[in-house]
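Asker: One structure follows; several queries about it will come next.
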């Protein structure tokens, strides 16, 4: 190419294709034609009558060029196809047809994959649209009859209760997630019963409800004297504990251990401490407990699963800071089902977290 000031000039040489058709080239042309026919069936952008036009072309070079012009190839790919040469730097029709055959095969494979993807997406969209249409029809029919879907009504009721109850953000998100699961289940399903029980317990637990302590030593001493005659050492120890609570507001999880034979006033002392502090009082009896599930709670995979004794006591107390009495703790036993005393050591401090 020659560059001038006002225009470009170029030297060109016309290269004639080899028009001789051998048996190998004829076989390649038929193979390319079959591939192109299959390509037209998959790709609807190419007009069907193009096949008849290509079939009438007898020259191998022009045959390859016309087919290549209808393929979705980049410019550099088309240029590479045109420049197919042999070792003697002459245009090689055989090499061009072989490369065109390879490109067609690759394009057909890509088109088939794309067609499968489009078909799958279309089926999913059709199914989603069908379900949405049927749900809307069902809602319209129920509105006309003055009825309401049982599952939707139950889920809406639970959502309203969750919005009314003061719950931590994490617990609220978990509750809404379970409601969404419940809404998609048949009402009589076994798992639906488990989810209802779980939601009922979540809503009834005192997550953020607590009472304010009354740390008045004189009032506490008066209440202890009213409720119990004697027991001076025990009452002095309780007053000492309350004095420490008065000085250390951040003291958490203290445990008082009352030891003595039956009937000496251990339970009534704990009740008096609750009355002195103006806290709610709850008592659980651990005598004869053998299964650690009684402490930790049962797995939710079981029908009728319930939380452990501590969570049940928290619901009964209706506040998250009650005076919690674990009675007859020395009468727990261990067997092949586990060690409830080890579970109790963890569960007694974890409050409601073990159930959630």
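Every read-out reported here was derived from the displayed coordinates using simple, explicitly stated rules and does not represent laboratory data. Bear in mind the structure is a predicted one, so any value in this text is a computation, not a measurement. Cβ coordinates were reconstructed from backbone atoms using ideal geometry, including for glycine residues, and neighbour counts include every protein chain displayed.
Asker: Of all DSSP beta bridges located in the chain, what percent are antiparallel, nearest 5? Kindly include the intermediate steps, with their values, before the conclusion.
Answerer: Details: 5 of 10 bridges.
Percentage antiparallel, nearest 5: 50.
Asker: Angle, helix 266-277 long axis vs. longest principal axis of the chain, Cα atoms, 0 to 90°, nearest 10?
Answerer: The answer is roughly 70 degrees.
Asker: Same structure again: With a 10 Å cut-off between alpha carbons and a GNM built on the chain, which of 169, 109, 240 moves the most?
Answerer: Top of the fluctuation ranking is 109.
Asker: Could you work out the helix-only [θ] at 222 nm for the chain, with each DSSP H run of four or more residues adding -39,500 (n - 2.57) and the total divided by the number of residues, to the nearest 500 deg cm²/dmol? Spell out each step's value before the answer.
Answerer: Numbers: 14 runs with 205 residues, N = 356.
Using -39500 (n - 2.57) per qualifying helix, the result is -19000 deg cm²/dmol.
Asker: As an exercise, use a Förster radius of 56 Å and the Cβ-Cβ distance of residue 318 and residue 45 to find the FRET efficiency, rounded to the nearest 0.05. Numbers along the way, then the final one.
Answerer: Values: r = 72 Å, r/R0 = 1.28.
Plugging the Cβ-Cβ distance into 1/(1 + (r/R0)^6) gives 0.20.
Asker: Here's something else I'd like to know. Roughly how tilted is helix 169-183, in degrees to the nearest 10 and between 0 and 90, from the longest Cα axis of the chain?
Answerer: On a 0 to 90 degree scale, this one is about 70.
Asker: Let me ask you something else. Given axes a ≥ b ≥ c from the Cα gyration tensor, I'd like to know whether the range 158-204 is rounded (a/c under 1.5), prolate (a/b larger than b/c) or oblate.
Answerer: Numbers: a/c = 2.23, a/b = 1.93, b/c = 1.15.
The shape class here is prolate.
Asker: Given an 8 Å cut-off on Cα distances and at least 6 residues of separation, report the relative contact order of the chain as a percent.
Answerer: This gives 12 percent for the chain.
Asker: Where does helix 340-350 land angle-wise versus the long Cα axis of the chain, in degrees 0 to 90, nearest 10?
Answerer: In the chain, helix 340-350 runs at an angle near 80 degrees to the longest axis.
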